[in-house]
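The block underneath contains the structure these notes are about, expressed in structure tokens.
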Amino acid sequence: MKALILSLIAFALFNFTGLSQAAAAGPETKETVIQADSKKSAKTDGEKSSEKPSLQISSEKLALQMVEGKFDDTYKKLAPVAKKSLTKSKLKQGWNDTVQGLGKFVAVHSGSYKDYGDYKLVELVLQFEYNGVQISLSYDNKEQITGIYFSYRPIEEEAVETKDFKEVKISIGKGKYPLKAILTLPKKVKKAPVAILVPGSGTHDANETIIANKVFRDLAWGLAKQGIASIRYNERLFTYPELLTEAEFTIQTDCLNDAADAISYALSSKDVDNKRVYLIGHSLGGMMAPKIATDNPGLAGIVILAGSPRRLEDIIYDQNLNALKNTKGITEMQIQLNMTIIENMIKRVKGLKEGGTETLLGYPTSYWYSLNQIDTAELAVKLTIPIFIAQGSEDFQVYADKDYIEWQKLLKKNKNVSFKLYDGLNHLFIKSNGKKDITEYNIPGEVDAGLINDIAAWIKKKK
């Protein structure tokens, strides 16, 4: 049952990224491991590279065959040890699960080749209509495939200009690791109020692309049509994944620093109204909104979309329990065994001291310790700026009957807070198709116009 537990924990880890590293509101980037690489994959010493080596060219051919539904050649290239745990049908199923809902194949977008001495790594990004898919192939010295890994990798889009708004690509933050961002400006309003869009944890692009959906692009364009500017950004870890290995991973690295840099840009920009800078946080971004507002007093108000005042590990507990109960073929005894293991990890999370190097519930102890220093509920109660809290009734990752109610109980005496529950909407604030699992996001949709209208009206009232 170990593998089941790990996969469910990954699933539960909240909007913040998806099936791999998410965080308590719902997967936003599904990743599929077909055959795990050996631990040597972390080695970087002696790395070599070359342009379009033969192994990269042959890997592109295999990738294009998989796009066409042909898996024979890829399977033949598997090393004997890989064939012991991976059948051709599993390979096909993993691929089909990954590309489901992504629309038409466009092209091979990019690729890279690295020689680590005892193994080689080829990474290819394939562009589909709604998202990109990264295929990572590791080879031994006989050029046999020892590992295949599929993940989503959003493709950077060009800035857009319409009759209602224009987009400008900007850079946020100082120092060695700036953020690529998009400033969306309405054309009919000078010095418009501006919303900072803060995603969940993980490695989101500026659009907060979640399988076949682009939550933040929908929000930015919808708000711009109503006279409200916005800033959305590629998270630092999206552009600089090496930061995960250069320093301890914390909530500051994952969320808070990026948001602070975006706010700082807005407060000094000549293109927007610096006195009307708002924050819209989704999932973990919503959970952290009170902390961000406390640390950045220049904000005029915050919008919390599918966030929670509860602790992340407690949400993970609920998510795993629900996922287990909805898993076909699992017994009650197996559910209890899995939940006992998860409960023990949650107890360790709550009692963490500074330091430590283990991983609990998909995150290093450094991340959990940094979260333990933040009391979202206490910070929210103390805020005096306007707050708007929105929740979808069909959200299966943050709960309308638990998390949303907790917000209402917590802030019932605070006259600066508005609430709204949106009937029929899921965690992405898109109309639910009733699947109530991550496959719901395989179907392209758009963020509900009613939500966007309500946010725009709320911001316009706060002058």
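The values are calculated or read from the model by the stated rules, or taken from the named source; none is laboratory data. What you see is a predicted model; the values in this text were computed from it and never measured. Don't worry about glycine lacking a Cβ; one is built from the backbone with ideal geometry, like all the others, and counts go over all protein chains shown. SASA here: full protein model, heavy atoms, side chains in, ligands and nucleic acids out. Shrake-Rupley method; radii C 1.70, N 1.55, O 1.52, S 1.80 Å.
Before moving on, here are some points about what is shown:
- Qualifying residue in segment 412-421 (condition: within 22 Å of Asn213 (Cβ to Cβ) and without any contact (Cβ under 8 Å) to a residue 60 or more places away in the chain): yes
- Subset of segment 218-234 that is open to solvent by less than 20 Å² (accessible area, probe 1.4 Å), hydrophobic (A, V, I, L, M, F, W, C) and in a helix (DSSP H, G or I) - its residue that is farthest from Asp437 (Cα to Cα): Ala224
- Of all positions in segment 346-367, at least one carries a residue that is without any contact (Cβ under 8 Å) to a residue 24 or more places away in the chain, surrounded by fewer than 17 Cβ atoms within 10 Å (Cβ to Cβ) and hydroxyl-bearing (Ser, Thr, Tyr).
Each row is one residue, and each column tells you yes or no for (1) modelled with pLDDT under 95; (2) polar (S, T, N, Q); (3) touching a helix residue (DSSP H, G or I) at 6+ places or on another chain (Cβ under 7 Å); (4) not in a helix (DSSP H, G or I).
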site: Ile405; (1), (2), (3), (4): no, no, no, no
site: His427; (1), (2), (3), (4): no, no, no, yes
site: Tyr441; (1), (2), (3), (4): yes, no, no, no
site: Gly445; (1), (2), (3), (4): no, no, no, yes
site: Asn453; (1), (2), (3), (4): no, yes, no, no
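- Within segment 199-217, one or more residues are in a helix (DSSP H, G or I), of a type outside the set (A, V, I, L, M, F, W, C) and either open to solvent by 10 Å² or more (accessible area, probe 1.4 Å) or on the phi < 0 side of the Ramachandran plot (or both).
- Evaluation of Leu299 against the conditions (1) in contact with an Asp or Glu (Cβ under 8 Å, 6 or more places away or on another chain); (2) crowded, with 21+ Cβ neighbours inside 10 Å; (3) modelled with pLDDT of 95 or more shows that the sole unmet condition is (1).
- Leu86 out of contact with any Cys (no Cβ under 6 Å at 6 or more places or on another chain), on the phi < 0 side of the Ramachandran plot and modelled with pLDDT of 95 or more: no
- First in segment 125-136 and among the aromatic types (Phe, Trp, Tyr), second anywhere and open to solvent by 40 Å² or more (accessible area, probe 1.4 Å) and part of a strand (DSSP E or B), Cβ under 7 Å, 6 or more apart: Phe128/Phe105; Phe128/Val106
- Considering segment 184-198, and only residues there that are surrounded by fewer than 24 Cβ atoms within 10 Å (Cβ to Cβ) and touching a residue at least 60 places away in the same chain (Cβ under 8 Å), the residue that is farthest from Asn234 (Cα to Cα) turns out to be Lys191.
- Residue, most open to solvent (accessible area, probe 1.4 Å), within segment 92-114, restricted to residues that are assigned to a loop (DSSP other than H, G, I, E, B), of a type outside the set (D, E, K, R) and farther than 24 Å from Ser138 by Cβ: Gln100
- Of the residues making up segment 205-259, just one is of a type in the set (Ser, Thr, Tyr) and more than 20 Å from Pro178 (Cβ to Cβ), namely Thr209.
- Verdict on Ala293 being more than 16 Å from the chain's Cα centre (by Cα), open to solvent by less than 30 Å² (accessible area, probe 1.4 Å), at pLDDT 95 or above and within 16 Å of Ala192 (Cα to Cα): no
- For segment 330-343, taking the residues that are more than 17 Å from Arg310 (Cβ to Cβ) and open to solvent by less than 80 Å² (accessible area, probe 1.4 Å), the one that is modelled with the lowest pLDDT is identified as Ile330.
- Listed conditions (1) open to solvent by less than 50 Å² (accessible area, probe 1.4 Å); (2) modelled with pLDDT of 95 or more; (3) in contact with a Gly (Cβ under 7 Å, 6 or more places away or on another chain) are all met by Lys431, apart from (1).
- Residue list for segment 118-161, filter: open to solvent by less than 50 Å² (accessible area, probe 1.4 Å) and not in a strand (DSSP E or B): Tyr119, Asn131, Asp140, Pro154, Ile155, Ala159, Val160
- Residues located in segment 392-428, provided they are more than 19 Å from Gly285 (Cα to Cα) and open to solvent by 60 Å² or more (accessible area, probe 1.4 Å): Asp401, Lys409, Lys412, Lys413, Lys415, Asp423
- Breaking point among (1) in contact (Cβ under 8 Å) with a residue 12 or more places away in the chain; (2) outside any strand (DSSP E or B); (3) not aromatic (Phe, Trp, Tyr), for Ser89: (1)
- Segment 189-198: number of residues that are touching an Asp or Glu at 6+ places or on another chain (Cβ under 6 Å) and in a loop (DSSP other than H, G, I, E, B): 1
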